[in-house]
Amino acid sequence: MAMQTRDSRARAMLRAWVVVLTLALLAAACADDGDDGASPGEPGDADAAGAEDDGDAAAQPEGDPLRIGMATSLSGAIALFGVANENGAQLAVDQLNDAGGVLGRPVELIVRDDQARPEEGVAQARDLIISEEVDMLLGPVSSGVALAITELTNERQVPFIVHTSNTEALMVEQFNEYMVSVVPNTGMEARAQGVDLADEGFSSWGTIAPDYEFGQAQTGTFVETIQENNEDVEIVEQQWPELGETDFQPFITSLLGSDAEAIYSPLFASDLVTFTRQAADLGFFDQVYFTALYETDALTELGDEYDLSGIRAYSRCPFTIDNDQMREFVESYRDAYDMVPSDWACMAYDAVNLWAQVVEDNGTEDPEEFVAAVEDFSFTSLRGETTIRGLDHQASVPSYIGTLELDEELGMYVYTDLVTVPAEDIWLSEEEVSERRGE
């Protein structure tokens, strides 16, 4: 699939550990392709992650394991994201171990369900840090949960990498030096959409968003950006369903009853799936232009049951990104889980590998060494060459916008004509970050 970029992104040479990993993957491609008995959505054995048990394999890791803790949502309305988080992180851990571990030691992933509740997220994160003595923590799905965890990780001095929760406040007002983000934040996503859609020819817009930190922040920035770029744009209707809403008909009816020609939405996961089904049954997509966060898990669940052709959608890390590392990752992920990876799996995978590379470069898992090294650290992510900005530890990851088209082979809609909006075009400037922090 063709991929358009707005700038020319230089590709740095891969670090030595990536070379080792690639060789392991190539070796696995030559191995017997027999069924390992794993069920869809469950990890297979080491071969599924790209390793072979032969004389040419990397040395087996030894010693006490390095432990990664993950508090994510494995139940409730956004469990789709949490399961994908776990799958992506586990695949990264399996591949690291197959390639000799980190610092020659095995890596272990310990996952807990935060139930998408801030108090539960803090309780699980505290137990991971104190009882399990994890060396780093991976971030949750919910921005509300992530905001609650930040104080704990700062107090306990544990590296905390967020890869799904993305309210801009995490890396601006609530930032601490142990935090890193490998996901485009709410402001970045909303600005990309606002600029892209300002010239679509619609002056009358409506919005529908989940009524909590993420939805409020992203919608607010979208409205601000689209009106800055097109003074004729008017917001005529806004709807705020609760996260986990099951009956969207009153919200859909209100939107259709307004004068809105186009609707913007950061609904996601099961909420977006439910909304799409109910909206399609009411003829919503025939009456208004609609754009939303149609990520892979939602598209997988929707399959081909409704005609979504031509919808302009946005994504954080679609598996149709056209580069070698994404293609290799998709192949490994499908081997391990018998499905294509979602954005949430991709970004969790990137988070684990970022931590591993920093630790390998440092020669130690010491958190203070991690903090010192991660600033301005560059690595090759699934999205290309990526740098962690020193001021706010925000990764220079882009936002993606594309058109949905049916993939007959997969039986689901996928992103085509993918446009990459570079981080440098959509993140806050360093001056703006400092101003918002009151510095």
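The values are calculated or read from the model by the stated rules, or taken from the named source; none is laboratory data. Because the structure is a prediction, the values reported are computed rather than measured. Quick reminder, even Gly has a Cβ in these numbers, built from the backbone with ideal geometry, and neighbours come from all protein chains shown.
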> Which members of the stretch 394-403 meet the condition of being of a type outside the set (Gly, Ala, Ser), outside any loop (DSSP other than H, G, I, E, B) and surrounded by 21 or more Cβ atoms within 10 Å (Cβ to Cβ)?
Replying inline: GLN394, TYR400, ILE401
> Could you say which residue among ALA279, ALA351 is in contact with a His (Cβ under 8 Å, 6 or more places away or on another chain) and modelled with pLDDT of 95 or more?
Replying inline: ALA351
> Among the numbered criteria (1) loosely packed, with under 14 Cβ neighbours inside 10 Å; (2) assigned to a loop (DSSP other than H, G, I, E, B), which single criterion is violated by GLU431?
Replying inline: (2)
> Which of the residues that make up the stretch 167-178 are in contact (Cβ under 8 Å) with a residue 60 or more places away in the chain and not charged (D, E, K, R)?
Replying inline: MET171, VAL172, PHE175, TYR178
>> On the basis of being hydrophobic (A, V, I, L, M, F, W, C) and in contact with a Ser or Thr (Cβ under 8 Å, 6 or more places away or on another chain), does ALA279 make the cut?
In response: no
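Conditions tested, residue by residue: (1) aliphatic (A, V, I, L, M); (2) within 19 Å of GLY310 (Cα to Cα); (3) buried (at least 19 other Cβ atoms within 10 Å of the Cβ).
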position	(1), (2), (3)
GLN227	no, no, no
ASP232	no, no, no
TRP240	no, no, no
GLN249	no, no, no
ASP259	no, no, no
LEU267	yes, yes, yes
ALA279	yes, yes, yes
THR296	no, yes, yes
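Which residue, of LEU382, LEU391, is closer than 25 Å to TRP427 by Cβ, touching a Ser or Thr at 6+ places or on another chain (Cβ under 8 Å) and buried (at least 17 other Cβ atoms within 10 Å of the Cβ)? Even if it seems obvious, please write down each step before you answer.
Working: LEU382 fails: touching a Ser or Thr at 6+ places or on another chain (Cβ under 8 Å).
None of the other options fit; the residue is LEU391.
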>> I'm checking my understanding of the structure. Among residues of the stretch 137-152 that are in contact with a strand residue (DSSP E or B) (Cβ under 8 Å, 6 or more places away or on another chain) and either in a loop (DSSP other than H, G, I, E, B) or surrounded by fewer than 24 Cβ atoms within 10 Å (Cβ to Cβ) (or both), which one is modelled with the lowest pLDDT?
In response: GLY139
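Where in the stretch 230-309 are the helices (runs of 4 or more DSSP H), entirely inside, with at least 2 residues that are within 20 Å of the chain's Cα centre (by Cα)?
Details: elements: 249-257, 269-281, 284-287, 296-302.
Answer list for the stretch 230-309: 269-281, 296-302.
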>> Quick check on TYR349: is it within 21 Å of MET188 (Cβ to Cβ) and surrounded by 17 or more Cβ atoms within 10 Å (Cβ to Cβ)?
In response: yes
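Listed here are the residues, each with its yes/no results for (1) without any contact (Cβ under 8 Å) to a residue 12 or more places away in the chain; (2) buried (at least 20 other Cβ atoms within 10 Å of the Cβ); (3) part of a helix (DSSP H, G or I).
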site	(1), (2), (3)
ALA336	no, yes, yes
VAL340	no, yes, no
TRP344	no, yes, yes
GLU369	yes, no, yes
>> Please determine whether any residue of the stretch 131-147 is free of Cβ contacts under 8 Å to residues at least 40 places away in the same chain and within 20 Å of VAL371 (Cβ to Cβ).
In response: yes
> Is one or more of the residues making up the stretch 125-136 of a type outside the set (D, E, K, R), surrounded by 18 or more Cβ atoms within 10 Å (Cβ to Cβ) and touching a Phe, Trp or Tyr at 6+ places or on another chain (Cβ under 9 Å)?
Replying inline: yes
>> Anything in the stretch 375-405 that is of a type in the set (A, V, I, L, M) and either touching a Leu at 6+ places or on another chain (Cβ under 8 Å) or within 18 Å of ARG316 (Cα to Cα) (or both)? List them, or say none.
In response: LEU382, ILE388, ALA395, VAL397, ILE401, LEU404
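Please tell me if ASP45 is more than 25 Å from ALA148 (Cα to Cα) and either modelled with pLDDT of 50 or more or in contact with a helix residue (DSSP H, G or I) (Cβ under 7 Å, 6 or more places away or on another chain) (or both). Break it down into steps so the answer makes sense when it comes.
Values: more than 25 Å from ALA148 (Cα to Cα): yes; either modelled with pLDDT of 50 or more or in contact with a helix residue (DSSP H, G or I) (Cβ under 7 Å, 6 or more places away or on another chain) (or both): no.
So ASP45 fails the test.
Out of TYR400, TYR413, I need the residue that is at pLDDT 95 or above and touching a helix residue (DSSP H, G or I) at 6+ places or on another chain (Cβ under 6 Å). Which one? Lay out the reasoning, then the answer.
Values: TYR400 fails: touching a helix residue (DSSP H, G or I) at 6+ places or on another chain (Cβ under 6 Å).
Going through TYR400, TYR413 in turn, just one is at pLDDT 95 or above and touching a helix residue (DSSP H, G or I) at 6+ places or on another chain (Cβ under 6 Å): TYR413.
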> In the stretch 187-228, what residues are hydroxyl-bearing (Ser, Thr, Tyr), under 16 Å from LEU255 (Cβ atoms) and assigned to a helix (DSSP H, G or I)?
Replying inline: THR219
> Which residues, taken from the stretch 203-223, are more than 24 Å from the chain's Cα centre (by Cα) and either surrounded by fewer than 19 Cβ atoms within 10 Å (Cβ to Cβ) or closer than 26 Å to SER142 by Cβ (or both)?
Replying inline: SER203, SER204, GLY206
>> Only one of GLY76, GLY121, GLY69 is modelled with pLDDT under 95 and either more than 24 Å from PHE329 (Cβ to Cβ) or in the same structural domain as ALA356 (by TED's automatic domain parsing) (or both). Can you tell me which?
In response: GLY76
